[in-house]
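The values are calculated or read from the model by the stated rules, or taken from the named source; none is laboratory data. As the structure is a computational prediction, the values presented were derived from the model and not from experiment. Because the Cβ atoms are built from the backbone with ideal geometry, glycine has one as well, and the counts that use them run over all protein chains shown. Surface accessibility is based on the protein's heavy atoms, side chains included, excluding ligands, DNA and RNA. Shrake-Rupley method; radii C 1.70, N 1.55, O 1.52, S 1.80 Å.
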Amino acid sequence: MTMLQVEQLGIRFGGVVALDGVDFSVGEGEIYALIGPNGAGKTTLFNCVSGLYIPTTGKVTLAGSDISSLRPFERARRGMTRTFQNLQIFEHMTVVENVMVGARIHEKGGLLAHMLGLPSVKAQNAATRRHALELLERVGIVARADERAGDQSYGVVKRLEIARALATAPRVLMLDEPVAGCNAAETAEVEAVIREVAGMGVSVVLVEHDMHMVMGLADRVHVLNQGKTLAVGQPDEIRCNEAVIAAYLGATEPADA
Amino acid sequence: MLKVEKLRSSYGRIEVLHDVSLEVDQGKMVALVGANGAGKTTLMRAISGIQPITSGTITLAGASIQGMPPARRVSRGVAQVPEGRQIFAPLSVEDNLALGAWVSPTKIERNRARVYEMFPILREFRKRAAGTLSGGQQQMLAMGRALMSDPRILLLDEPTMGLAPLLARQVMQIICSIREAGTTVLVVEQNVQAVLRAADRGYVIDRGRISMEGSAKDLLADPRVREAYLGV
Amino acid sequence: MTTILQLIVSGLTVGAIYALVAVGFTLIYRASGIFNFAQGEFFMLGGMLAGIGVASYGLPYPVAALLACAITVTFGLALFLFGINQARSASPIQLLILTIGASLLARGLASAILGKDFVRLPQLMPWDVWRVGGVVIQTQALVIILGAFLIVSVMGFFLSRALTGKAIVAIAANTVGAQLMGINRVAVVSLCFALSALIGALGGILATPITLTSYDTGVMLAIKGFTGAMLGGTGKPYGPVLGGLLVGLLEAFGAGFISSVYKDALALVVLLLVFALFPQGIFASRSVERV
Amino acid sequence: MRKHLGPTYVPVLIVAASIVLVSLLPLTNFQVRMATLLFIFSVVVLGKNLLMGYAGQISLGHGAFFGLGGYVVAVGAARYGLSPWLLTAGSLPIAGIVAWIIGRPILKLRGYHLAMATLAFGSIFAMFLTNAVDLTGGPDGLALDMASVRLFGMTSRWSWYWVCGLVLVVVMYLLASVLDSPTGREMRAIHDSETAAGVLGIDVAKAKLHAFVISAIFATLAGCCFVMFDRYITPHSAGILRSIEFVTMTVVGGLGSPIGSIVGAAIFVVLPQFLTVFHEYEQAILGLILIVILVLLPKGIVPSIAARLRPRRA
Amino acid sequence: EIKIGAFTSATGPASFLGEPQRLTLEMLVKQINAAGGVNGQPIKLIFYDDASDASASRNFAVRMVEEDKVAAIVGGSGTGNSMAVIPVVEDANIPFVSFSGGVEIINPVRKWVFKPPHTDLMACEKIFDDMKAQGLSKAALIAGQGGFAKSMAKQCTDLAPKKSITILAQESYGPRDSDMTPQLNRIKAIPGVEAVINADIGQGPAIVTRNFRQLGMTQALYMGHAAATLGYLEAVAKDGEGIRIPAPLLLVADTLEANDPRKSVLVKYRDDFVAATKRQPDAFGGYAHDGLLLLVDAMKRAKSSDPQKVRDALEKTDGFVGTVGRIRMSPTDHLGIDLGSFEMLTIKDGRWARAPGK
Ligand SMILES: Nc1ncnc2c1ncn2[C@@H]1O[C@H](COP(=O)(O)OP(=O)(O)OP(=O)(O)O)[C@@H](O)[C@H]1O
Ligand SMILES: Nc1ncnc2c1ncn2[C@@H]1O[C@H](COP(=O)(O)OP(=O)(O)OP(=O)(O)O)[C@@H](O)[C@H]1O
Ligand SMILES: [Mg+2]
Ligand SMILES: [Mg+2]
């Protein structure tokens, strides 16, 4: 079943055409990789799909319903979330609280109940915290749970963003360079998490420059170049695609094996 | 060229570097690798003077520089490509580059042309506010900016982060050619394999302590390194 | 018709004063990201010191003016070096409060030492007003407008052309990055505080013949200047100037046509409307924020 | 070691205990008055702290809400003979609605622009209070009849101490609860990144509005208490200088620290009483003290001291 | 020693009132103590600056009563400041002599509250009488937005019909405004305005006067009594020529008849004040002078500083001469002065002079 469908997406900034009629769709539980040279429009595409930018043309459909006119938070409530290339964390909160914010849309109780501090609210707090700690465990940074998020190193924050996004229990998860700043061993951990999540039926859209990871993980790979689709296909097809090699991969195979 | 001895540094009351010592010889390229949160960035910041240190010494070409404000260190030839790029978002690309040569404004024109040659996209976007560039483009800008002052020693904190594979390789080549031209380089990289291939020496930092050091080749062959950082 | 012209003249007279405050604000804001609440006190000190120098100590006007500028600039520098620069880990809002402290200090010292009476200064022009048709123009107002124009032109050039001007923006945009480029933050920001204090002091000296200055002039001026800066936007050097002039004009037209009781409210209502359309002020450069 | 950076109920207990303990001291009327004023202003500052310290939204217009409460009670009681207690109860929803209406457009703004917009709102309201002489008494203010504020024969000098102390404790409890709830986390999240909060499903506009409305209601409540306690109010109490003072109290005490709010209020209520010995230099010294506090304790009094007391670890 | 509590608005918007009052009080207390004090005891002045905030006045009043245990209180620069402390003195049963203008302070009569100064109403009355004497009946009012200005503007508006004066326009300007041309321009455009009345303290009147002349307006220009200061005189320079102002006699004390009992009081206060502060006194300092000396006079007559006795003596004041003239209090009148204490002055050749009469 198609979970996310993007049609004819286009946006421009002044003179720069950042996206120009991009189409794709992602199935349930599919890992869909977006790659392309720097400035190809990958992050912009995420921004359009998640509702942060208003695209000039195009339509975004989530699980069959058109969400093009919804604001970011409404899209999130329908099951779509993302991480950021330029980190966006809640630095004044602890690591675990960051993840708890992610779980907000599943928490209950109105403003009044929250203000009165009813026992049900407290019980829910405890449950949310437990869940958040589990997610931190999964991305391997549970040891940092009660430290201030703003004090964490780059790589830890990257993984925190993933845990926080998972806390919303998304149907579509968009990850923007999730392993930038991670070494090979750390990358492998993140890879495992992504696989596990996809295994549970979450559609993952992945932007990443680590070809080793992308080729090993993705079900399909979509190559963007200057805002246009350059190629779509299985990892193996893409690896050998002349145009992709010329624009993005470079003549020799990535050295890391 | 650069010598760090028994360096300690903390954030507030939490110490994150414990007695770190490291040495970079003139004209050499030294790689620093370590897990997330090991303290690599902190060490780089301490060398440029952004991060205060509690004890230890830092000497540059034989002269002590610890305690010196960052600006003075720059005029002594230290340049850094910082983590998170730290570009000047509201300024145009060309102004960002110009400020890279703040300590030697006469070099602006010449060095800017050189940077544009390295990263043609920057020339194309020279009038645009740097903040609107894509992540990878900003990374190129940070790299170019650091080269503007013709530094004696270049500190690179994950210089290829966010770069497309083709470009990442180019940047590694650029770094090598800079070293060839006589600039000393200290580089932090998560692509451990690539960086250790290019470097002369390497250090491994683990939770704020140097746990291994040696020639880059030896480290690359070391099973502990291969397991912990190459995921093999 | 004459009424409208007269209101324009009036509005520009007052507006030019607000514009000078707004420009001073913007300079510091650009370099340090803080709004200096003591900006009005620079103005007050300039006017008070020069006025008292002339009236009580019999100093020649230029000497008194020079002294007033020197003392005000010293105060501005001290505010940065011993105040703001010391409070290292403070956020802009915390620094704003620090400048409120400085404003109280300056006001308190001025009232205790310089006294609480308003001070005067002679006009710079030998005659008082010009009558053009039925419109009355205070000659001192022309001096203020001219002064404001000069100051702003020089500053605009400085900020957009000179490398130092760019360094100012760079420091505010990314202090760590700027330090890594070898930009001496303390020196550059000190320069901005000194310049801003100088603009304030000059403004105070120029305006005192019209406004009459007393120890508590600063607060109201700071608020009006702040309004001007916000209305015009701080992005472009001329933004705050036009904003300041606009506030002056709105007040004049409000008083002339609507109600003199609520004329200040008119300027504020217009401000709120402008914000609804241009959240960054009228003359701000518009761009999609990158995430 | 503290497990949370987040909120707890400890400050509520500390404050409640202090209120009871202080009442055991042999205080003069004047000291009781100071304590009561401290409670009243603390209520405003706690609300401001929710808005500024936690949700990260600056407002320079809260004097208006303080004044709204004060004047609804004063005008209603003095001009129309209504019961101040009823008026208090009525003014809270009014304040909530007013805050809701003006908050919706204004809260789209950020940083200094938001500060300016709230300042504009506050100034317009203060202008109205000053100029609507027939209704508000103008700059000279409005007095409240003594008899009208009696409740259950409350006359002793301690009665307002207890009423305002109770209000303070309740407000602190509400604040602590809301902070330790999904709503509170929402507010703290938008402080740091509205973008991230948005893609996590948080309605940023609504979260801001919640913080704004709650803080406005607290300020209004404090204004009501103030006028009943003082039985006199002037536009000074609602002016922009008051608003700026509220912000100053919040920041000086410490953003994001409930105890800090009370300390901040104390600085402005109690300290000036000591500074009177400096006569003409009173104001200058207050300014100097502000500067010194912010230089030495840049994060505000309570958080900065707390950070120093935290144990060192490797 | 006798403790007397005092509070004025020595800073803040009303400091033009409060500062001369503070200076006067300090000077007088020194003089009184140098002369042996009151009933053989020295006076201790407990002074507080309320910074023009009524709530602060209230704080200080409580503090004076509770902490300082004063025998009586004087002060209150603005009407709001005085009003705010009334409940305190009434609770504590301590006499309070106010320095402010508002009639509501002593109307209705309150047992413990007295007030020697002119009311704003009297200034209006004086102006209107003078206008009629000049054959003028149509006026425009321009006022600031402070307590003093608002109150005087309101009193004048209320009084005008009774004096058959028509107010054709009411203009206002904000605190610290620096150009009143728009407002004056509006008045200028209204046909038939024969006189312009400006009510305010501080620099406002000076700016109004200047703009008035610059616009070439020819109507009679009246200032409220608060403008009768040296600062105003200097600031308006030649623009002030011919304005009319109901001022305390203080400014023209020398011109009084030698046998006028007020003359010695006025001349002494003025000379002492100039000697002590190097400044010219004004009406407001005069109110503080009268307030404190009235209280001292009552203490002397009561031969005690006991609040109750002092209060009773205050109420029996008769024949005390202050800067505002002779004061006679009674159980139904805690003001005790009449119009005679205002004099219509003008500026002639850069100096205060009696306005030419009818
Ligand atoms: N807010 C904006 N204003 C102006 N231009 C923008 C903006 N956002 C993106 N762009 C431009 O759109 C193009 C696409 O940028 P985008 O960030 O999507 O690239 P990307 O594919 O994510 O690159 P990278 O791999 O380097 O992260 C770039 O040229 C960029 O400069
Ligand atoms: N601003 C800060 N305040 C407090 N602690 C910090 C701060 N920045 C970093 N730390 C802590 O210092 C330690 C080292 O961080 P550093 O950023 O130097 O790591 P790193 O080796 O660069 O990691 P990465 O590979 O993730 O970039 C980490 O434990 C981190 O939590
Ligand atoms: Mg990107
Ligand atoms: Mg790092």
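Projecting the Cα atoms of A:ALA192, E:MET27, D:PRO11 onto the charge dipole of the protein assembly as shown, computed from C-beta unit charges around the Cα centre, puts E:MET27 farthest toward the positive end.
Residues E:LYS3, E:LYS300, ordered by accessible area of protein heavy atoms at a 1.4 angstrom probe radius and largest first, appear as E:LYS300, E:LYS3. For the peptides A:15-28, E:209-222, C:19-32, E:249-262, residues were scored by their other Cβ atoms within 10 Å and the scores averaged per peptide; the highest-first order is C:19-32, E:209-222, A:15-28, E:249-262. Neighbouring Cβ atoms from other chains, within 10 Å of the Cβ of residues in E:57-69, number 4 on average.
To the nearest ten degrees, helix E:147-159 and the longest principal axis of the Cα atoms of chain E are 70 degrees apart. Less than 25 Å apart at the alpha-carbon level, and either on another chain or at least 8 residues along: which lysines does that give for B:LYS28? Straight-distance partners of B:LYS28: B:LYS3, B:LYS6, B:LYS40, B:LYS107, B:LYS217. Loop-resident trypsin sites (Lys or Arg not before Pro) (DSSP state other than H, G, I, E or B) in the stretch E:51-82 with no more than 13 further Cβ atoms inside 10 Å of their Cβ: E:LYS69.
What helices does chain D hold that run 24 Å or longer along their axis, going by alpha-carbon atoms, with a Kyte-Doolittle average of 0.5 or more, using DSSP H for the helix calls? Helices meeting the criterion: D:29-48, D:62-80, D:84-106, D:111-131, D:159-179, D:204-230. Centre-to-centre separation between the Cα atoms of the stretch A:52-127 and those of the stretch B:11-65: 39 Å. Taking the helices alone, chain A has a mean residue ellipticity at 222 nm of -10500 deg cm²/dmol, built from -39,500 (n - 2.57) per DSSP H run of at least 4 residues and averaged over all its residues. Using only the Cα atoms of the stretch B:4-75, construct the convex hull and provide its projected area averaged over every direction, in square nanometres to one decimal. Averaged projected area of the stretch B:4-75's Cα convex hull equals 5.0 nm². Classified by the C-alpha gyration tensor, chain C has an oblate form. Its axis ratio a/c, with a ≥ b ≥ c, is 1.5 or above, and a/b does not exceed b/c. Chains B and A: buried accessible surface, both sides, probe 1.4 Å, rounded to 100 Å²? That pair of chains buries around 2200 Å² in total.
Using θ = phi - 60° in the Karplus curve 6.51 cos²θ - 1.76 cosθ + 1.60, the 3J(HN,Hα) couplings for the stretch B:99-110 round to 5, x, 9, 3, 7, 9, x, 5, 8, 3, 4, 4 Hz; x is entered for Gly and Pro. Picking from B:TYR229, B:ALA98, E:SER304, whose Cα lies most toward the positive end of the charge dipole for the protein assembly as shown (charges on Cβ: Lys, Arg +1; Asp, Glu -1)? Among B:TYR229, B:ALA98, E:SER304, the one farthest towards the positive end of the dipole of the protein assembly as shown is E:SER304.
In order along the stretch E:348-355, the Karplus-derived 3J(HN,Hα) couplings, from 6.51 cos²θ - 1.76 cosθ + 1.60 at θ = phi - 60°, round to 9, 6, x, 9, 5, 8, 5, 5 Hz, and Gly and Pro are given as x. For the pair E:ALA35 and B:TYR11, a Förster radius of 51 Å applied to the C-beta separation gives a FRET efficiency near 0.15, rounded to the nearest 0.05. Solvent-accessible area per residue in the stretch A:2-249 equals 35 Å², computed with a 1.4 angstrom probe and all protein chains kept.
Rounded if a/c is under 1.5, else prolate if a/b beats b/c, else oblate: with a ≥ b ≥ c from the C-alpha gyration tensor eigenvalues square-rooted, which is the stretch D:205-299?
oblate
Only Lys, Arg, Asp and Glu carry charge here, each on its Cβ (+1 for the first two, -1 for the last two); on that basis the protein assembly as shown has a dipole of about 740 debye about its Cα centre. Surface calculation, 1.4 Å probe, protein heavy atoms: A:HIS212 sits at approximately 110 Å² accessible.
Centroid-to-centroid, using Cα positions, the stretch E:27-88 and the stretch B:112-157 are 70 Å apart. Think of each Lys and Arg Cβ as +1 and each Asp and Glu Cβ as -1; about the Cα centre, that makes the dipole of chain B roughly 440 debye.
Packing here is the average count of other Cβ atoms within 10 Å per residue, and on that basis the peptides A:54-65, C:83-94, highest first, run C:83-94, A:54-65.
Inter-chain neighbour count for E:13-19: the average number of beta-carbon atoms from partner chains within 10 Å of each residue's beta-carbon is 3.
Summary value for the stretch B:73-204: 30 percent relative contact order, contacts being C-alpha pairs under 8 angstrom separated by 6+ residues. Checked against a 27 Å cut-off, the cross-linked pairs E:LYS69/E:LYS111; E:LYS3/E:LYS303; D:LYS48/E:LYS69 give Cα-Cα distances beyond that limit for D:LYS48/E:LYS69.
Estimated at the nearest 10 Å², the accessible area of D:ASP192 is 30 Å² with a 1.4 Å probe.
Can you tell me how the stretch C:66-113 classifies by the Cα gyration tensor, rounded, prolate or oblate, using a/c under 1.5 as the rounded cut?
In terms of gyration-tensor shape, oblate.
Pop the C-beta distance of C:PHE157 and E:ARG328 into the FRET formula with R0 = 56 Å and round what comes out to the nearest 0.05. Plugging the Cβ-Cβ distance into 1/(1 + (r/R0)^6) gives 0.20. For the protein assembly as shown, the residue among E:GLY286, C:ALA31, A:VAL101 whose Cα projects farthest onto the positive side of the dipole built from Cβ charges is E:GLY286.
Database remark: amide H of A:THR94 closer than 5 angstrom to the amide H of A:ALA149, D:LEU5 (H placed geometrically; neighbours at sequence offset of 5 or more, or on other chains; Pro and chain starts carry no H). Put simply, the amide H of E:LYS44, placed in the peptide plane, has neighbours under 5 Å in E:ILE2, E:LYS3, E:ILE4, leaving out anything fewer than 5 places away on its chain. Other protein chain C-beta atoms within 10 Å of residue C-beta, averaged over D:227-235: 5.
Counting only the Cα atoms, chain E fills a convex hull of 121 Å³ per residue. Less than 5 angstrom separates the built amide H of B:LEU91 from those of B:ALA130, B:GLY131, all sequence-distant by 5 or more or on a different chain. Basic side chains Lys and Arg get +1 at the Cβ, acidic Asp and Glu get -1 at the Cβ, and with that the dipole of the stretch D:203-305 about its Cα centre reaches some 300 debye. Cα centroid separation, the stretch A:1-34 to the stretch E:132-156: 72 Å. Our summary gives chain D a relative contact order of 33 percent, counting only alpha carbon pairs under 8 angstrom and 6 or more residues apart. Against chain E, whose longest principal axis comes from its Cα atoms, helix E:120-134 is set at around 40 degrees. Can you check what the net charge comes to around A:GLU107, using other residues whose Cβ is under 14 Å from the Cβ of A:GLU107 (Lys, Arg +1; Asp, Glu -1)? Neighbourhood net charge equals +3. Whole-Hz Karplus values for the stretch B:9-23 come out as 8, 9, 9, x, 9, 9, 7, 10, 10, 10, 6, 8, 10, 6, 9 Hz, taken residue by residue from phi with 6.51 cos²θ - 1.76 cosθ + 1.60 and θ = phi - 60°; glycine and proline positions read x. With a threshold of 18 Å on the Cα-Cα distance, the over-threshold entries among E:LYS268/E:LYS309; E:LYS263/E:LYS316; E:LYS30/E:LYS278; E:LYS238/E:LYS348; C:LYS224/D:LYS108 are E:LYS268/E:LYS309; E:LYS263/E:LYS316; C:LYS224/D:LYS108.
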